[in-house]
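Asks: After the structure tokens below, expect a handful of questions from me.
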Amino acid sequence: EAEGGETAGEVSEGSGRYNTLQVDQVDGVYKITLNRPNKKNAITLEMYEELCEALNEAAKDKDTVLACVTGAGDYYCSGNDLGNFANIPPEGITAMAEKAGEILLKFVGTFIEFPKPLIGLINGPAVGVSVTILGLFDVVYASDRATFHTPFSALGQSPEGCSSYTFPKMMGLAKASEMLLLNKKITAVEACERSLVTAVFPEDSFHKVTEQRVKAYAKLPRKSMQKSKCLIRDGERDLLHKVNKAECDLLVELWQGDECMNAIMQFFSSKSSKL
Amino acid sequence: EAEGGETAGEVSEGSGRYNTLQVDQVDGVYKITLNRPNKKNAITLEMYEELCEALNEAAKDKDTVLACVTGAGDYYCSGNDLGNFANIPPEGITAMAEKAGEILLKFVGTFIEFPKPLIGLINGPAVGVSVTILGLFDVVYASDRATFHTPFSALGQSPEGCSSYTFPKMMGLAKASEMLLLNKKITAVEACERSLVTAVFPEDSFHKVTEQRVKAYAKLPRKSMQKSKCLIRDGERDLLHKVNKAECDLLVELWQGDECMNAIMQFFSSKSSKL
Amino acid sequence: EAEGGETAGEVSEGSGRYNTLQVDQVDGVYKITLNRPNKKNAITLEMYEELCEALNEAAKDKDTVLACVTGAGDYYCSGNDLGNFANIPPEGITAMAEKAGEILLKFVGTFIEFPKPLIGLINGPAVGVSVTILGLFDVVYASDRATFHTPFSALGQSPEGCSSYTFPKMMGLAKASEMLLLNKKITAVEACERSLVTAVFPEDSFHKVTEQRVKAYAKLPRKSMQKSKCLIRDGERDLLHKVNKAECDLLVELWQGDECMNAIMQFFSSKSSKL
């Protein structure tokens with residue numbers, strides 16, 4: 001298995017604890033691998049919860065210097081699993097939307113609060129919330145096979161992950177709106193030009209080069225790195241939580257509307273017509 | 001006439017209502033064309049008023065999904081018509097400056113409040129306020145013939161259109177100051193690198209490609225798009241109005257000063273010497 | 001001497017007043033040259049004080065339209081002179097750290113408040129605080145020989161010069177963190193792509209081209225330029241002072257910690273081992 005290649009160093013006993021993730025703790029690096037490759041690592045409600053748990057563990061663990069997130073298989077992550085909306089519960093659609101909003105609020109809030117360097121290793125296509133949340137990572141390395149797509153309005157939805165704030169800040173409104181309002185899909189190189197990505201590496205060396213870098217970073221003076229990260233973030237932490245809340249509130253509203261329902265129904269019917 | 005080529009779809013009766021603009025409403029797109037081509041679409045006091053009216057109409061019109069702005073002829077817009085300052089009224093120069101400041105405040109405020117996607121189609125050179133205001137557009141497409149020039153200090157004036165805030169935010173202080181303080185003129189490609197422009201198209205396909213895109217965008221779920229735009233903007237709306245006010249106040253002061261008077265007089269004398 | 005080549009115009013009598021700087025006032029340009037070339041222009045406590053004095057003089061001097069900063073010799077500036085930490089005074093390390101924090105607070109505060117256009121002429125490698133402070137300059141021109149390096153975490157330290165705010169704002173978090181947390185060294189061209197630098201010039205024409213530009217800028221309407229700069233800065237002045245204070249407070253803490261002590265001791269021992 002490609003992602004589990006680390007054998008040197010001390011590996012914690014916790015690795016097999018998650019259903020949707022693979023977690024490895026080696027030499028100060030807490031590595032989270034989204035691990036539903038046959039579903040393109042789409043994020044189920046369980047995966048949202050497990051990602052929060054894993055990040056909280058990485059935050060508290062005294063041997064963890066930094067954390068990184070990557071995807072198993074060809075995809076990095078295909079975003080929110082639309083199956084999360086497939087079964088309307090007996091409590092009704094409003095209850096379902098509100099529950100989903102709470103989960104998202106907590107999920108994004110966990111990234112806002114994460115106190116150690118967080119590195120994204122984008123091994124392939126990234127969609128939706130897996131893209132927007134990158135604005136809360138410290139460093140993002142991408143394979144040249146990666147793409148970045150946030151088709152919110154096509155799905156009758158709206159931006160989350162604080163991207164309504166972080167994207168215009170990092171790439172300017174004119175390029176952020178093209179992605180967030182008009183569903184523009186971009187390449188890894190374009191994402192680097194737009195400052196969403198720190199650097200792009202050829203697919204065949206991506207795993208090796210980024211692994212080496214992450215290992216080297218984990219040997220830097222950790223207190224200095226962690227305190228520097230918090231210094232950078234403290235100034236906008238409150239604002240980010242406010243943005244997160246506003247984004248979740250709007251999504252709870254839109255999830256209950258016609259545009260979203262129609263888009264999701266169309267998605268499932270086009271999927272089943274392919275069978 | 002190139003800009004009036006749309007014939008399909010439903011066209012509202014309002015098109016001939018403006019003196020300085022051509023307005024077309026087709027298939028959800030509210031298209032505003034600055035229409036003083038023999039004056040390079042310089043913005044007269046009347047055009048400021050008409051642009052506010054047209055934008056307010058587009059905002060309210062239930063059939064309008066999005067709006068776009070372009071220029072008739074070779075220029076996009078040569079900026080504020082200096083003829084606006086040519087005749088000092090009997091009330092004196094202070095009254096004239098204050099009146100101009102009020103008009104500008106209202107004009108920029110209308111862009112800050114515009115609630116639907118707003119797309120700039122920059123068909124040729126853009127100067128002054130027609131450049132700065134682009135920081136309040138959602139998407140900006142430019143012909144490779146377009147240039148962007150904000151020669152404020154050369155004219156003894158100062159930045160407006162919220163550019164004192166939006167330009168450093170989108171392109172960094174080092175590049176914003178070069179434009180806003182030191183009169184640097186940039187190409188369409190440079191404007192794209194600086195995030196002022198979303199994308200650049202060759203002149204000969206510009207009209208066709210952007211028309212197709214705008215049409216397609218107008219078919220996207222409109223509620224999702226409009227609410228997403230407002231979400232992105234809500235966080236800085238109050239700040240933008242504050243910036244707008246500070247910019248207008250400074251301009252009212254500078255318009256009455258020697259540097260501006262001398263620069264404008266020199267402009268007119270160099271113009272008449274060419275006759 | 002290359003930097004002192006200006007002979008035309010009126011030169012003030014003050015030029016020889018500084019021990020660590022060369023200062024020239026010619027035709028509205030107040031030019032500050034960091035002048036410890038045999039120490040790569042490392043900033044001693046005296047140089048911090050003299051830079052504040054020189055900037056305050058440039059701010060008040062009625063003949064000064066704008067100021068620029070460059071370095072004598074091959075380096076622009078190698079950053080904080082680690083010799084500042086070489087001798088722990090009798091009052092102890094806490095007193096030393098607090099004193100250094102006060103000097104830095106005042107130094108950065110002087111740049112925040114500087115009311116006239118400030119242009120960086122980066123003639124060679126730049127390190128540490130000489131890089132971070134560039135986020136407070138209006139325009140930065142770099143020789144293609146220049147590099148930009150902020151190895152804070154390698155030295156057990158943390159970002160200053162308001163870079164914890166200005167760097168993420170100008171280049172996005174993903175690229176700022178690579179520099180500020182992970183010690184990434186970048187070229188002049190990369191610094192330009194990241195908006196830290198306005199433009200890059202070939203080494204052999206750098207001095208001549210930038211000198212001509214600066215001269216031309218000093219002839220622009222000065223009131224318009226200076227008021228425009230203040231307009232751009234007023235909105236975030238208070239925030240910048242708050243950021244500066246938070247950065248200095250963290251540094252005072254880290255300077256007293258093991259990571260920093262070890263890093264500095266290692267620096268000196270590797271230096272002496274080369275003798």
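The values are calculated or read from the model by the stated rules, or taken from the named source; none is laboratory data. Keep in mind that what you see is a predicted model, and the values were worked out from it rather than measured. Heads up, the Cβs are rebuilt from the backbone with ideal geometry, glycines too, and the neighbour counts pull from every protein chain shown. Side chains included, ligands, DNA and RNA excluded: accessible areas come from the protein's heavy atoms. Shrake-Rupley method; radii C 1.70, N 1.55, O 1.52, S 1.80 Å.
Asks: Six or more apart or on different chains, Cβ under 7 Å: which pairs go from a residue in the range C:89-113 that's closer than 30 Å to residue C:229 by Cα to one that's of a type in the set (D, E, K, R)? Could you list them?
Replies: C:104/C:160; C:105/C:245; C:108/C:160; C:112/C:237
Asks: How many residues are more than 10 Å from every other protein chain (Cβ to nearest Cβ) and modelled with pLDDT under 95 if we restrict to the range C:251-262?
Replies: So in the range C:251-262, the residues more than 10 Å from every other protein chain (Cβ to nearest Cβ) come out as C:252, C:255-256, C:261.
Those still in the list that are modelled with pLDDT under 95 too: C:255-256, C:261.
Of the residues in that region, 3 qualify.
Asks: Could you check residue C:136 against (1) within 14 Å of another protein chain (Cβ to nearest Cβ); (2) farther than 21 Å from residue C:165 by Cβ; (3) in contact (Cβ under 8 Å) with a residue 60 or more places away in the chain; (4) open to solvent by less than 10 Å² (accessible area, probe 1.4 Å) and say which number it fails?
Replies: (2)
Asks: Would a scan of the range C:208-216 turn up a residue that is polar (S, T, N, Q) and within 10 Å of chain A (Cβ to nearest Cβ)? Walk me through it before giving the result.
Replies: The first filter runs over the range C:208-216 and keeps only residues polar (S, T, N, Q), leaving C:210, C:212.
Going one step further and asking which of them are within 10 Å of chain A (Cβ to nearest Cβ), we end up with none.
Looking through the range C:208-216, none of the residues is polar (S, T, N, Q) and within 10 Å of chain A (Cβ to nearest Cβ).
Asks: Could you look through the range B:228-250, keep only residues that are in contact with an Asp or Glu (Cβ under 8 Å, 6 or more places away or on another chain) and within 11 Å of chain A (Cβ to nearest Cβ), and pick out the one that is least open to solvent (accessible area, probe 1.4 Å)?
Replies: B:229
Asks: Looking at residue C:154, is it touching an Asp or Glu at 6+ places or on another chain (Cβ under 8 Å) and either surrounded by fewer than 24 Cβ atoms within 10 Å (Cβ to Cβ) or more than 8 Å from chain A (Cβ to nearest Cβ) (or both)?
Replies: Numbers: touching an Asp or Glu at 6+ places or on another chain (Cβ under 8 Å): no; either surrounded by fewer than 24 Cβ atoms within 10 Å (Cβ to Cβ) or more than 8 Å from chain A (Cβ to nearest Cβ) (or both): yes.
So residue C:154 fails the test.
Asks: Looking at C:107, C:111, which is the one that is crowded, with 21+ Cβ neighbours inside 10 Å and away from chain B (no Cβ under 14 Å)?
Replies: Working: C:111 fails: away from chain B (no Cβ under 14 Å).
Residue meeting the stated conditions: C:107.
Asks: Considering each residue of the range C:9-26, count those that are part of a loop (DSSP other than H, G, I, E, B), open to solvent by less than 80 Å² (accessible area, probe 1.4 Å) and modelled with pLDDT under 95, and give that number.
Replies: Initially, the range C:9-26 is screened for residues part of a loop (DSSP other than H, G, I, E, B), giving C:9-12, C:18-20.
Of the ones still in play, those that are also open to solvent by less than 80 Å² (accessible area, probe 1.4 Å) are C:9, C:11-12, C:18, C:20.
Still in the list and also modelled with pLDDT under 95: C:9, C:11-12.
Of the residues in the range C:9-26, 3 are part of a loop (DSSP other than H, G, I, E, B), open to solvent by less than 80 Å² (accessible area, probe 1.4 Å) and modelled with pLDDT under 95.
Asks: Here is a follow-up. With the range B:110-221 as the region, which helices (runs of 4 or more DSSP H) entirely inside it contain at least 1 residues that are within 16 Å of residue B:71 (Cβ to Cβ) and over 16 Å from the mean Cα position of the chain (by Cα)? Let's see the steps before the verdict.
Replies: Working: elements: B:129-132, B:163-171, B:173-180, B:188-193, B:203-217.
Correct list: B:203-217.
Asks: Which of (1) more than 14 Å from chain C (Cβ to nearest Cβ); (2) buried (at least 22 other Cβ atoms within 10 Å of the Cβ) is the odd one out, the single condition residue A:221 does not satisfy?
Replies: (1)
Asks: Could you grab me the full set of residues in the range C:183-207 that are crowded, with 24+ Cβ neighbours inside 10 Å, within 13 Å of chain A (Cβ to nearest Cβ) and not hydroxyl-bearing (Ser, Thr, Tyr)?
Replies: C:196
Asks: Quick one: in the range C:29-40, of everything that is surrounded by fewer than 19 Cβ atoms within 10 Å (Cβ to Cβ) and not basic (Lys, Arg), which residue is farthest from residue C:50 (Cα to Cα)?
Replies: In the first step, residues of the range C:29-40 are kept if they are surrounded by fewer than 19 Cβ atoms within 10 Å (Cβ to Cβ); the result is C:37-39.
Restricting the remaining residues to those that are not basic (Lys, Arg) gives C:37-38.
Details: C:37: 16, C:38: 18 Å.
Filtering the range C:29-40 for residues that are surrounded by fewer than 19 Cβ atoms within 10 Å (Cβ to Cβ) and not basic (Lys, Arg), the one farthest from residue C:50 (Cα to Cα) comes out as C:38.
Asks: The conditions are (1) more than 7 Å from every other protein chain (Cβ to nearest Cβ); (2) surrounded by 19 or more Cβ atoms within 10 Å (Cβ to Cβ), and residue B:159 fails exactly one of them. Which is it?
Replies: Looking at each condition in turn, residue B:159 falls short on (1).
Asks: Suppose we filter A:82, A:51, A:66 for residues that are surrounded by fewer than 18 Cβ atoms within 10 Å (Cβ to Cβ) and either touching a residue at least 12 places away in the same chain (Cβ under 8 Å) or within 30 Å of residue A:213 (Cβ to Cβ) (or both); which single one remains?
Replies: A:82
Asks: Take residue C:274 and decide whether it is open to solvent by 30 Å² or more (accessible area, probe 1.4 Å) and modelled with pLDDT of 95 or more. Please lay out each step first, then the result.
Replies: On the way: open to solvent by 30 Å² or more (accessible area, probe 1.4 Å): yes; modelled with pLDDT of 95 or more: no.
Answer is no for this residue.
Asks: Name the single residue that is farthest from residue C:113 (Cα to Cα) among those in the range C:140-178 being at pLDDT 95 or above and among the aromatic types (Phe, Trp, Tyr).
Replies: C:148
Asks: Residues of the range A:29-58 being β-branched (Val, Ile, Thr), within 13 Å of the chain's Cα centre (by Cα) and within 30 Å of residue A:221 (Cα to Cα), which ones? Working first, answer last.
Replies: Here is the first cut: in the range A:29-58, the residues β-branched (Val, Ile, Thr) are A:29, A:32-33, A:43-44.
With within 13 Å of the chain's Cα centre (by Cα) added as a condition, the list becomes A:32-33, A:43-44.
Correct list: A:32, A:33.
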